[in-house]
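Engineer: Here it is, the structure, as C-alpha cells.
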C-alpha cells in the first residue's frame, strides 16, 4: 500500500508528489496519458515570481515580456508597459516533464496509461480503480490527491459538489508571426464575454488562442483568418487544441482520505483562466497539510478540512474579486468596452495604474479594486447594474 496516490501528473500533481516524496512518503502518480511532455492547451505565461518561488529552470522560458497591447472591439489601443519583465512565456509541455522528473528524483513513482474510474474511501485506506487499455486494476493508499485538472467526474461522484463555473479555451501554434509583443483582443465578435490573445513564443512562432463559453474553435478560426489578412501571422490548418477551465471552485476540496488541488479545485484566476501559480501555491498547502495528517495518522475529513481553510485564507478574497470582475466583463457590450477604453485613456488611468508599486502579474484583485475607486469607472459600472458593493464589501454568493 502506498502512502499517497496522486491522480494527475501535471505540474500541480507532480509538485504535491515531490514535496511528499522528499520527506519519505511512498507516492504513486497515476496519469492517463502515455507520457509527460505531450501537447498541452495552455499558453504557459507565468510571472518571474512564480519562476523563482518554485525554482523552475529558466531554460524552460521561451521568452520574457514586459509589455502588452490590448485592443478594444473597435481597435482602440491601450499599451501596458513596465520597465521590469512582467511575464515569462514557458514551454508548457516541457514544464510537465520537468516537474515530473523532479518528483521522480525525489522518489515518486509514475503509472501511465491508466484512467481512474472510481475512488472508494474505506476505514483504514482508500482504493482507486483504474482502466488500462481495457484492463481493470486496483491500487490502495492511505490518502488520495485529485489533481486531474478540469472535468473530472470523480469530484461530483464523491459528493464534493459541482465545479461552480467553467469556460473553454482554444489555442493553436502559428508560424511566421510578425509581432514582438503580446496582443490581447476584446469584443463579442472575437471572444464573447472573454478575450483572445496572440503571444509570441520564439522567432517566427506564436500561440493564438481565446476563451469562450461556446464555439471556441469557430471563433478561433475566424480570428486566425483576420490575423492572417492583417499580415500578423501565416496559418493554414494547424491542429486546434481545446480544454475546459474551472473558474469557480466546487463546494468542498476535501473529504475522508482525500483532497482536491489545482484546476480540479477551481484554484484558477477567473480573470485570465491561468492556473499554474495558484495551483502550485495550493499544492504547497496540500503537501504541508498532508504531511501533518500522515504523521498523526489522522486522515479524517475533519482533519483534512484544514487544507481548504488554509488555501482559502490565501486565495479566496482574490478569487471573489476576480470572479466579480469576470461577471461584470461578461455583461459588457462592445460599446461599453469601447467607452471604458475611452475613459481609461482620457483620464490616464492606465498610466496611473502602471506607476503604482505593488501591483502584481499574479494578483489582479488590487488593480480591480483601484479601478472601481475611480469615479468615472464607478459610474460606468453602476450603469451596467451590477452591485458595486458585491466586491467592495466582500459580499458574495460563493460558497
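Engineer: Add -39500 (n - 2.57) for each DSSP H run of 4 or more in the chain, then divide by its residues: what number comes out at 222 nm, to the nearest 500 deg cm²/dmol? Could you put the intermediate results ahead of the total?
Structural biologist: On the way: 12 runs with 144 residues, N = 399.
The per-residue figure over the chain is -11000 deg cm²/dmol.
Engineer: Counting only C-alpha contacts under 8 Å and six or more residues apart, can you give the relative contact order of region 169-318 as a whole percent? Before the final figure, lay out the partial values.
Structural biologist: Details: 243 pairs, mean separation 28.4, N = 150.
Rounded, it is 19 percent for region 169-318.
Engineer: Starting from the exponent 0.38 and prefactor 2.2 Å, build the expected Rg for region 33-136 from its residue count and divide its actual Cα Rg by it.
Structural biologist: Values: Rg = 20.1 Å, N = 104, 2.2 N^0.38 = 12.8 Å.
This ratio for region 33-136 stands at 1.56.
Engineer: Averaging sequence separations of C-alpha pairs under 8 Å and six or more residues apart, then dividing by the length of region 66-178, give the relative contact order as a whole percent. Don't jump to the answer; show the numbers that get you there.
Structural biologist: Numbers: 86 pairs, mean separation 13.4, N = 113.
After rounding, I find 12 percent.
Engineer: Same structure, new question: Cα centroids of region 1-50 and region 166-190: how far apart, whole angstrom?
Structural biologist: Their Cα centres are 28 Å away from one another.
Engineer: While we're on this one: Give the share of C-alpha pairs in each 10 angstrom bin for region 194-332, from 0 to the last occupied bin, in whole percents, shortest bins first.
Structural biologist: Calculated over all Cα pairs of region 194-332, the distribution is 10, 32, 26, 19, 10, 3, 0 percent.
Engineer: Can you tell me the relative contact order of the chain? Whole percent, Cα pairs under 8 Å, sequence separation 6 or more. Before the final figure, lay out each step's value.
Structural biologist: On the way: 800 pairs, mean separation 69.0, N = 399.
Relative contact order here is 17 percent.
Engineer: Output the antiparallel fraction of DSSP beta bridges having both residues in the chain, as a percent to the nearest 5. Walk me through the numbers on the way to the answer.
Structural biologist: Numbers: 52 of 71 bridges.
Expressed as a percentage, antiparallel bridges in the chain total about 75.
Engineer: On to the next question. Give me the tail of P(r) for region 297-368 as a percent: Cα-Cα pairs with distance above 15 Å.
Structural biologist: Numbers: 1787 of 2556 pairs.
Counting pairs separated by more than 15 Å, the tail of P(r) holds 70 percent.
Engineer: With springs only between Cα atoms under 10 Å, which of 350, 342, 52 fluctuates most in a Gaussian network model of the chain?
Structural biologist: Of the options given, 52 has the highest mean-square fluctuation.
Engineer: If we count other beta carbons within 10 Å of each Cβ, what is the order of 186, 127, fewest first?
Structural biologist: Working: 186 25, 127 17.
Going from least to most buried by this count: 127, 186.
Engineer: Any chance you could give the angle, 0 to 90 degrees and rounded to 10, that helix 11-22 forms with the longest Cα principal axis of the chain?
Structural biologist: On a 0 to 90 degree scale, this one is about 40.
Engineer: Taking the 0 to 90 degree range and rounding to the nearest ten, how far is the long axis of helix 276-296 tilted relative to the main principal axis of the chain, both from C-alpha atoms?
Structural biologist: 20
Engineer: Order of 142, 32, 83 from fewest to most other C-beta atoms within 10 Å? Working shown, then result.
Structural biologist: Details: 142 20, 32 17, 83 7.
Fewest-to-most ranking of 142, 32, 83: 83, 32, 142.
Engineer: Hey, what's the per residue convex hull volume over the C-alpha atoms of the chain, in cubic angstrom?
Structural biologist: Values: hull volume 55.1 nm³, N = 399.
Spelled out: Cα convex hull of the chain, divided by residues, is 138 Å³.
Computed from the coordinates by the stated procedures, all read-outs in this text should not be read as laboratory data. What you see is a predicted model; the values in this text were computed from it and never measured. Cβ atoms come from the backbone with ideal geometry, glycine included; neighbour counts cover every protein chain shown.
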